[in-house]
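Here's the structure we're looking at; comments come further down.
The values are calculated or read from the model by the stated rules, or taken from the named source; none is laboratory data. Bear in mind that the values here come from a model prediction, so they are computed numbers and not experimental data. Ideal geometry is used to build each Cβ from the backbone, glycine not excepted, and the neighbour counts take in all protein chains shown. These area figures cover heavy atoms from the full protein model, side chains too; ligands, DNA and RNA do not enter into them. Shrake-Rupley method; radii C 1.70, N 1.55, O 1.52, S 1.80 Å.
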Amino acid sequence: MQYSRILIALRSISKQKFYAILNIAGFSLGLSLVIFIGLYLFEQFSYDKWYKDHDRIYRVEMGDWAILAPVYARLIQSSSASIENTLRVNSTWGNEVNVKIENKKTALTIPHLVLADSIIFDFFDFTFLSGNAETALNTKDKIVLTRSQALRLFGKIDVIGEIVKVGEEYTFSVSGVIEDVNRFHFNVDALGSFRMLGDIYFPEYFESTGNWNHNTYIKLHPDADPKEVEKTIDAYLKDFFSPFSGDSPDRELRLKPVTDIYFSTQKMHEISIKHGNKTISYAFLLIAFFILIIAVINFVNLSTAQSAGRARETGIRKLLGSTRGNLMWQFLLESVLLTLVAVIISIAIVEIFLPYFNYVTNVDNSFANIGWTRLGITVFFGTLIIGILSGIYPAFYLSGFQPISSLKGELTKGRGAAMFRRLLIVFQFTISIALIAATIILYHQLTYLNQKDPGFAKENIVHFRLNSKVIRSWDSFRNSLLAHPAITSVGLSNAIPGQVRWQESFMADGKSFQFTYWPVDPEYFDMLELTLLNGRSFSPDMASDENVAVIINEQWAWQSGLPFNTYEDLLGLSFESPYRQFKIIGVVSDFHFNSLHDAIGPLVIAWRSDACYVANVKLNAHNQQSAIKHIEENWNALSPDVLLSYNYLEASLEKLYDGEKKLGIIFLSFSSFAVIIAIMGLFGMASFMVEKRTREFSIRKVLGASSGNILVLLSKEFFVLIVLAMIMAIPLSWMSMHSWLDSFSSRITITAVPFIIAGTTAILLMLVTIGYHVIKLSHTNPSDALNKE
């Protein structure tokens, strides 16, 4: 019995090939997008939940600092018996480190060499492909590579005992290879011992109360209360530091669950931490729901568009004894079969385009991440539920035809059914118009970010990180670079704009005032071409400027609390941080020294060549390739074993907005497919109306109506529906994009232009779709339709 129903369903589908193909195509596109979004959301919401003790691991934070000094780990471990272990992680020193492999001439880099206490493998369950977690970092000369880094450096993963030379000074032996680390709140390409920092800086480094550069984690015993442990640690630290003047921590101590770090929206001082956007993730979830609804609406509209062809079939079946229930089950079976085909096609589409989607979203999604059992259950029940939801209204509608009326060719003319279909069209185009407008607003903001003047010169500047050999020969290296006619200036800085993170503080009126600290040399300061409001710049002829003289920005002047009437009043004033003394020699206009996401904060620019590790070379507009080659030749003469890795400053600044660019691509894809699916629904609705009014239009043609007259007649109703969709889409899109724009300190103002473009696009697509049917109708003979009377 069931087998015969399946055969009947397949025959019915084959008789309506055109509508079946449209249904499957629309469903496949919609389901593909839903699957893509589902994979993305699964990856986003599984961050830091893949290791077994994630519910017992916390990051220690103090005030707005998520990075602490080295000594805090020891103190925190001693503070409470509820703490099972404490872990320190440094992700700053090993960023883009140059490495040399024995018997290889090519110098390479490791993007993220993380230094951590050997206990790290007890906190995070990295999967070892070779080596032993117990001994992998038990000495400071060992390094653990990820699979991809082992393959890149050695061409194989069986690399235990191989030697990796980092820079000119440090040699490591490979002690293990782990599987690539994904869905983790910081990037890991290799792991080294935290004990190395004693060699890199100074032996007493681990007892330092300064150098706030490390993530500190604790793992609690299973029965521990995090809130009580938080209070205990806070009290212990205050008691410990109280005898030391000025060192007592005045920041609120918090324990942040490690699973909350990725989606944290709190502005923190932290280094190399990956963050997701929960609002965007929920927006994608909403978009997935709406796209699924649009695909279901298409099925409904295209199914009801077949009503004339299915009416006689329904009438004959009823006369032969079929009940309405039997007919509904038959139509639902057809719907499930079409959905099954669409699901299979959509899975194939996802498999084909998943590498590109992963590249755009910067994630590593796959069906294997979900698990094949879970995937199979999801596909089975998803097909069943979506098939039933999609087919229930068409089944109810088609099975409701009266036998006599349907055999005469008379279709149901209920106002309720017509109103329902119109509401579906309005809903489809509301979502489509909202997505189009949102995409346009997003690209306007990206254009604004790229074109906004940051307040400093960024053109034609090349930057690269120095190693110890080049630093030791800096003067001769600099002079040799300046000998090239295309190089106009060479300067040093601690960091480039967009990466200025060093924090200092001083006490004013009993309160600690925190500011960003940026060491540079005089040449680099002049290279930036900042607007000097008062005072002077650094003078190489004045030795007293180095390590003491500073130039402040306007925000520092106004937020510091120092009394002044004009900026000139601040010149010559001195102030102290816990480790050094400063003297103000100049005030510059505020400029964006970090991302435009961040408001401009208080900044102190200091001449401190000893704290500068980045070379910046200003090129003229011509002959830049020759200048780059000249830099490489001079670099290789000093440091032949270390790869020169350089970037243009403009390109580095653009990378700050890579997330927004990729978001724009995703929104553009979603909106494009949503429009395509909506147009398919409109096509089905237009097919239904033309089919229903064929005799009317034939009579009008006989009486002299042109194709243009019929186009206007058909378009009127759809025009009203799209206007209604625009009215609903505008506030929906405006509110969501206004909320997103609030994440930028510099942003555009939303105007009517994106909504006008989105609405006009929808109207033009509607006219093209309706025009197709009118052209098709104009090529038919009116007498063919009228002879059926």
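Values computed for the structure shown
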read-out: Average accessible surface area per residue within the range 52-166, 1.4 Å rolling probe, Å²; value: 40
read-out: Taking N as its residue count, the alpha carbon Rg of the chain over 2.2 N^0.38 Å; value: 1.21
read-out: Only Lys, Arg (+1) and Asp, Glu (-1) charged, at Cβ; the chain dipole about Cα centre in debye; value: 5320
read-out: Mean ellipticity per residue at 222 nm, deg cm²/dmol - from DSSP H runs of n ≥ 4 across the chain, formula -39500 (n - 2.57); value: -16500 deg cm²/dmol
read-out: Where Rh is the Kirkwood radius over Cα pairs, Rg/Rh for the range 114-180; value: 0.94
read-out: Whole-Å distance, taken between Cα centres, linking the range 502-557 and the range 480-496; value: 21
read-out: Debye log10 I(q)/I(0) for the range 477-563, one point scatterer per Cα, at q = 0.14 Å⁻¹; value: -0.63
read-out: Gyration tensor over alpha-carbon atoms, the range 144-205, equivalent ellipsoid semi-axes in Å; value: 23, 16, 9
read-out: Long-range amide H partners of H112 with built H, under 5 Å; value: E96, D189, A190
read-out: Cα→Cβ-extended label distance, 7 Å offset, between I200 and D541, nm; value: 4.1
read-out: Mean Cα-pair separation over length for the chain, i.e. relative contact order, pairs under 8 Å, 6 or more apart, %; value: 16
read-out: Note, ³J(HN,Hα) from phi for the range 437-451, Karplus 6.51, -1.76, 1.60, rounded to Hz, x at Gly and Pro; value: 4, 4, 5, 5, 4, 4, 5, 4, 5, 5, 4, 4, 5, 6, 9
read-out: Value of relative contact order over the range 31-122, rounded to a whole percent, pairs C-alpha under 8 Å and six or more apart; value: 18
read-out: Surface share of carbon and sulfur [accessible, 1.4 angstrom probe, percent] for the chain; value: 58
read-out: 37 °C / 0.692 mPa s Stokes-Einstein diffusion coefficient of the range 12-129, Kirkwood radius on C-alpha pairs, µm²/s; value: 165
read-out: P(r) of the range 694-765 over all Cα-Cα pairs, binned every 5 Å from zero, in whole percent; value: 3, 13, 18, 15, 12, 10, 8, 7, 5, 4, 3, 2, 1
read-out: Sequence-distant residues sharing a close amide H with N594 (under 5 Å, placed H); value: G498
read-out: Rounded accessible area per residue of the range 644-789, 1.4 Å, Å²; value: 49
read-out: Point-charge dipole on Cβ atoms (K/R +1, D/E -1) for the range 687-741, about Cα centre, debye to 20; value: 260
read-out: Backbone HN-Hα couplings from phi across the range 26-38 [Karplus 6.51/-1.76/1.60, Hz, Gly and Pro as x]; value: x, 5, 4, 4, x, 5, 4, 5, 4, 5, 4, 5, x
read-out: For S489, distant residues with modelled amide H under 5 Å away; value: K618
read-out: Pairs beyond 18 Å (Cα-Cα), from K49/K140; K140/K469; K231/K256; K100/K469; value: K49/K140; K140/K469
read-out: Contour excess over end-to-end distance, with Cα ends at L571 and L129 and 0.36 nm allotted per residue; value: 153.1 nm
read-out: FRET efficiency estimate (nearest 0.05) - Cβ-Cβ, R374 to W329, R0 25 angstrom; value: 0.25
read-out: FRET efficiency, 1/(1 + (r/R0)^6) with R0 41 Å, evaluated for Y356 and Q266 via beta carbons; value: 0.75
read-out: Peptides 157-164, 428-435 ordered by average Cβ neighbours within 10 Å, highest first; value: 428-435, 157-164
read-out: Accessible surface, per residue, of the range 549-597 when the full set of protein chains is kept, probe 1.4 Å, Å²; value: 43
read-out: Highest-first arrangement of 736-744, 769-777, where packing means the average Cβ count within 10 Å; value: 769-777, 736-744
read-out: Selection from G491, S366, V470, by position along the positive dipole direction of the chain (Cβ); value: S366
read-out: Theoretical FRET efficiency, 1/(1+(r/R0)^6), r = Cβ-Cβ of L41 and Y443, R0 41 Å, to 0.05; value: 0.95
read-out: ³J(HN,Hα) computed for each position of the range 756-762 - Karplus, 6.51 cos²θ - 1.76 cosθ + 1.60, integer Hz, glycine/proline x; value: 5, 5, 4, x, 4, 4, 4
